[in-house]
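Asks: Have a look at this one.
The values are calculated or read from the model by the stated rules, or taken from the named source; none is laboratory data. None of these values were measured; they are calculated from a predicted model. Neighbour counts run over all protein chains shown; Cβ positions are idealised from the backbone, glycine included.
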Amino acid sequence: MNGDDTPLLQLEGIRASYDAIEVLHGVDLAVPVGKVVALLGPNGAGKTTTLNVACGIVEPRAGKVVVAGRDVTGVAPEELARRGVITIPEGRGIFPNLTVRENLQMATFAGRPLAEIEELAYRQFPRLGERRGQLVGTMSGGEQQMLAMARGLASNPAILLLDELSMGLAPLVVEELYGIVAQIAATGVSILVVEQFARTVLGIADLAAIMVHGVIRTVGTPEEVEDELSAAYLGGGE
């Protein structure tokens, strides 16, 4: 899709506000092709706002959003999704009163036939195949998160934006989900994942960026940011 030296997603000097309060103060962040970048930091650091800027929900006051070498600052979320920028939000964004199959059917708007979407989803997430006729609201939180990921992957993303994948889930389920994230990245999809609970994602991240008070303090490999991580979390307890 683009050269190896060009990040698939790049945020350059991003400033963003809610009303009159600036929450991002010149954020620079790059997500290389086929890599997992973890955006870490304590609650309220600005991580989700950064993700919302990347997917077009929040328009920055200053700076640029660049996807595959093209400036897409101010482009609507729907258009970015058509260009391969797919978000799986915290809270999962699925329809609890529909079955698994009906939820997957909602992803056919992108032009992919349902049979193909189902085949991919059930291969990647066998448990969804076992529950294809089940109402989603009756499934476990982990299964619902799998469905949200399956729907996102149905759009054939170039980059996947994940917000708090571990929210409310048991550690073993989170470990399983992040194993799937690593498999997705191995197919060439770039992934930016926002996590408050840093230890859950560092095992599969290629790079980690630590955000504090709306500024990215450090970017490096998980090993390189280890000391900074503890400082950011005031001892690493979060």
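Asks: Looking at region 180-196, can you tell me whether even one residue there is closer than 25 Å to Val85 by Cβ, in contact (Cβ under 8 Å) with a residue 40 or more places away in the chain, touching a Ser or Thr at 6+ places or on another chain (Cβ under 7 Å) and of a type outside the set (Asp, Glu)?
Replies: There is at least one residue in region 180-196 that is closer than 25 Å to Val85 by Cβ, in contact (Cβ under 8 Å) with a residue 40 or more places away in the chain, touching a Ser or Thr at 6+ places or on another chain (Cβ under 7 Å) and of a type outside the set (Asp, Glu).
Asks: Output the residues belonging to region 37-83 that are of a type in the set (Asp, Glu) and in a loop (DSSP other than H, G, I, E, B). I'd like the intermediate steps shown before the answer.
Replies: Initially, region 37-83 is screened for residues of a type in the set (Asp, Glu), giving 59, 71, 78-79.
The one that is of a type in the set (Asp, Glu) and in a loop (DSSP other than H, G, I, E, B): Glu59.
Asks: Among the residues of region 166-196 satisfying the criterion of being assigned to a loop (DSSP other than H, G, I, E, B) and touching a helix residue (DSSP H, G or I) at 6+ places or on another chain (Cβ under 6 Å), which is surrounded by the fewest Cβ atoms within 10 Å (Cβ to Cβ)? Please lay out each step first, then the result.
Replies: Narrowing region 166-196 to residues assigned to a loop (DSSP other than H, G, I, E, B): 166-170, 187-189, 196.
Pick out the ones that are also touching a helix residue (DSSP H, G or I) at 6+ places or on another chain (Cβ under 6 Å) and you get 166, 168-169.
Working: Ser166: 21, Gly168: 14, Leu169: 19.
Checking each candidate, the answer is Gly168.
Asks: Residues of region 1-59 being of a type in the set (Ser, Thr, Tyr) and buried (at least 20 other Cβ atoms within 10 Å of the Cβ), which ones?
Replies: Of region 1-59, the ones of a type in the set (Ser, Thr, Tyr) are 6, 17-18, 48-50.
Scanning region 1-59 gives Thr48, Thr49, Thr50.
Asks: Among the numbered criteria (1) among the small types (Gly, Ala, Ser); (2) in a strand (DSSP E or B); (3) farther than 27 Å from Glu228 by Cα, which one does Gly26 miss?
Replies: (3)
Asks: Only one of Leu135, Leu165, Leu128, Leu147 is under 24 Å from Met106 (Cβ atoms), in the same structural domain as Glu12 (by TED's automatic domain parsing) and among the hydrophobic types (A, V, I, L, M, F, W, C). Can you tell me which? Can you show your working first?
Replies: Values: Leu135 fails: in the same structural domain as Glu12 (by TED's automatic domain parsing); Leu128 fails: in the same structural domain as Glu12 (by TED's automatic domain parsing); Leu147 fails: in the same structural domain as Glu12 (by TED's automatic domain parsing).
After applying the criteria, what remains is Leu165.
Asks: Collect the residues in region 86-136 that are among the charged types (D, E, K, R) and touching a residue at least 24 places away in the same chain (Cβ under 8 Å), keeping them in residue-number order. Before you say what the answer is, go through the steps one by one.
Replies: Of the residues in region 86-136, the ones among the charged types (D, E, K, R) are 90, 92, 101-102, 112, 116, 118-119, 123, 127, 130-132.
Correct list: Glu90, Arg92, Arg101, Arg112, Arg131, Arg132.
Asks: Further, regarding this structure: I need the full set of residues from region 49-79 which are hydroxyl-bearing (Ser, Thr, Tyr) and either out of contact with any Asp or Glu (no Cβ under 8 Å at 6 or more places or on another chain) or touching a residue at least 40 places away in the same chain (Cβ under 8 Å) (or both), in order please. Give the derivation first.
Replies: To start, the set of residues in region 49-79 that are hydroxyl-bearing (Ser, Thr, Tyr) comprises 49-50, 73.
Those that are hydroxyl-bearing (Ser, Thr, Tyr) and either out of contact with any Asp or Glu (no Cβ under 8 Å at 6 or more places or on another chain) or touching a residue at least 40 places away in the same chain (Cβ under 8 Å) (or both): Thr49, Thr50.
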